[in-house]
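This report refers to the structure that appears directly beneath it.
The values are calculated or read from the model by the stated rules, or taken from the named source; none is laboratory data. Quick caveat: nothing in here was measured; it's all calculated off a predicted structure. Glycine gets a Cβ as well: all are built from the backbone with ideal geometry, and neighbour counts include every protein chain shown. With ligands, DNA and RNA removed, areas are computed over all heavy atoms of the protein, side chains included. Shrake-Rupley method; radii C 1.70, N 1.55, O 1.52, S 1.80 Å.
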Amino acid sequence: MAIRNAYLNGIYEDLLGRYAEQHEFLEAVHEVLETLVPVVESDPRYEQQNIIGRMVEPERIITFRVSWVDDAGKVQVNRGYRVQFNSAIGPYKGGIRFRDNVNLSIIKFLGFEQVFKNALTTLPMGGGKGGSDFDPKGKSDGEIMRFCQSFMTELSKYIGEDTDVPAGDIGVGAREIGYMFGQYKRLTNTWTGVLTGKGLSYGGSLARKEATGFGLCYFADAQLKDNGMSFEGKRVVISGSGNVAIYANQKASTLGGKVIAMSDSNGYIVDENGIDYQVIREIKEVKRARISTYVDYVPSAKYVEGCSGIWTVPCDIALPCATQNELNVDNAKSLIANGCQGVFEGANMPCTPDAIAAIKGAGLLYSPGKASNAGGVATSGLEMSQNAGHISWTFEEVDNKLKGIMETIYAACASAAEQFGMKGDIQAGANIAGFLKVADAMLAQGVCY
Ligand code: NDP
């Protein structure tokens, strides 16, 4: 759909011609540009200095071959990526994703979103993202270690504690970070905070593992309260059962909600008595098994094959925490018909554009992932601070800072939306608040930096 501003629409049309096959990237850019119309019209410098045209083009894209040897002695080849999108407000920062569907479009969309998200945290972090079309599922520990070492052997040339600090994402947890950190240290003969999400015994931060899920619930709680509601007594549905979903379950339950459904990419479980996050943690983090095995722990629960059916389970609060475009307009209509009151994104771009339009159009509360899942990267920023100062904070200290940051992000989004005449529109507010910070720095630094 055309954007109601000639400058912004021209930029989008140009991208469409140049990168027609990069669907996820185009979707992410369109979503942001649509909400920036009043901002661009409020200050001629954004167009004069072509700030938007510069923001949609990554500063640097690195693609590389990752060859590794599998357990059968066969040489395998995967593709590796690092997109260093924008360093106006700090070193590039953003996760690494290992999944078979990873391509340049997905890494660019994630990197673009990361620029706005990191700006919202108020910490000095630019945006980047990386990954590979390698899928850790079904691989042995040895295979994963050899892959991570090979991936880092090339990536190490482009990152550094003051240049680019990667972290985890889908398919990259503590195990993969550990193998990559070890290889970076070996290659450079330095011990630096070049990665976040590290284990506690070698520079990791307490509460980093929990941070994205906890932060999502702190954000949702702030938005609910601002609208006279809370988690108390609410039926909560969470898609996914990975890092974000597990700890979103823990915090939503602590805040008084009852999590009745969770999923993985094969199917979903429903447990009307409430899903204990520790059972999911045991299945997913310890055993690395499928969510279908939940019924072995809780025989009264139900497992249903096929993941998108989870949105037909009646709930008050929906937390999509799995992957991009997992919640389409039909799913949104099911949620609305069943009386859902709010959709708060834990994953990056989980709702399709028409799903978002339906959710907002029906008057449900909605928060975009770039705001409500920013707790992960914010706590990565806190891990960097602890590494730089050679100190470590307690779980409570980090958790309190995280809560404060999420409440501040919510307030910043709400206030930016109101300032530009879109009171209550947290989606627009997130884009505007993130944009203003990065644009300001880019204006100050001149064109050729
Ligand atoms: P994980 O790899 O830990 O978990 C991903 C989960 O989603 C797995 O349970 C996976 O199931 C499931 N899944 C994948 N595709 C689908 C699908 N189509 N439907 C249902 N479930 C699916 O990843 P994270 O929890 O770290 O990341 C989840 C999302 O949150 C991503 O969008 C990520 O970019 C975002 N995010 C993560 C942050 C973090 O700190 N980890 C920070 C900010 C955002 P299976 O086991 O079958 O693959």
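Remarks
- Once the mean of 1/r is taken over each pair of separate Cα atoms and inverted, the chain shows a Kirkwood hydrodynamic radius of 22.0 Å.
- Of the residues Gly389, Ile356, Met406, the one whose Cα sits farthest toward the positive end of the charge dipole of segment 300-449, with +1 on the Cβ of Lys and Arg and -1 on the Cβ of Asp and Glu, is Ile356.
- Peptide ranges 350-363, 282-295, 199-212, 121-134 listed from the most packed, as the mean C-beta count within 10 angstrom indicates: 121-134, 199-212, 350-363, 282-295
- Segment 304-376: translational diffusion in µm²/s, Stokes-Einstein, Kirkwood Rh over Cα pairs, 20 °C, 1.002 mPa s: 180 µm²/s
- Dipole axis of segment 138-282 (+1 Lys, Arg; -1 Asp, Glu on Cβ), positive-most option in Val237, Ser265, Val165: Val165
- Of the complete DSSP H runs in the chain, those spanning 20 angstrom or more by Cα along the long axis with a mean Kyte-Doolittle score not below -1.0 are 104-120, 141-155, 174-188, 208-226, 375-389, 395-419, 426-445.
- Accessible surface of Thr254 - all protein chains present, 1.4 Å probe, nearest 10 Å²: 100 Å²
- For segment 261-399, convex hull volume per residue from C-alpha positions, Å³: 132 Å³
- Peptides 236-244, 385-393, 407-415, 60-68 ranked from most to least packed, by the mean per-residue count of other Cβ atoms within 10 Å: 236-244, 407-415, 60-68, 385-393.
- At R0 = 56 Å, FRET efficiency that the Cβ-Cβ distance of Val329 and Val75 yields, to 0.05: 0.80
- Computed about its Cα centre, the charge dipole of the chain is approximately 820 debye, with only Lys, Arg, Asp and Glu carrying charge at their Cβ.
- Projected label distance in nm at Ala337 and Arg65, using a 7 Å step from Cα toward the beta-carbon: 5.2 nm
- Full extension of the segment from Arg4 to Thr188, taken as 0.36 nm per residue of separation minus the current Cα-Cα distance, would add 61.2 nm.
- For segment 1-118, convex hull of alpha carbons as volume per residue, Å³: 118 Å³
- For segment 169-302: rounded, prolate or oblate by the Cα gyration tensor [a/c cutoff 1.5]: oblate
- Estimated dipole of segment 95-241 in Debye, rounded to 20 [Cβ of Lys and Arg +1, of Asp and Glu -1, Cα centre]: 180 debye
- Cut-off 20 Å, label 7 Å out along Cα→Cβ of Asp43, residues of segment 108-151 by amide N: 113-127
- Distances between every pair of Cα atoms in segment 333-449, grouped in 10 Å steps from 0 to the bin holding the largest one, split as 12, 33, 31, 18, 5, 0 percent.
- Per-residue accessible area (protein heavy atoms, 1.4 Å probe) orders Ser265, Ser140, Ser367 as Ser265, Ser140, Ser367, starting from the largest.
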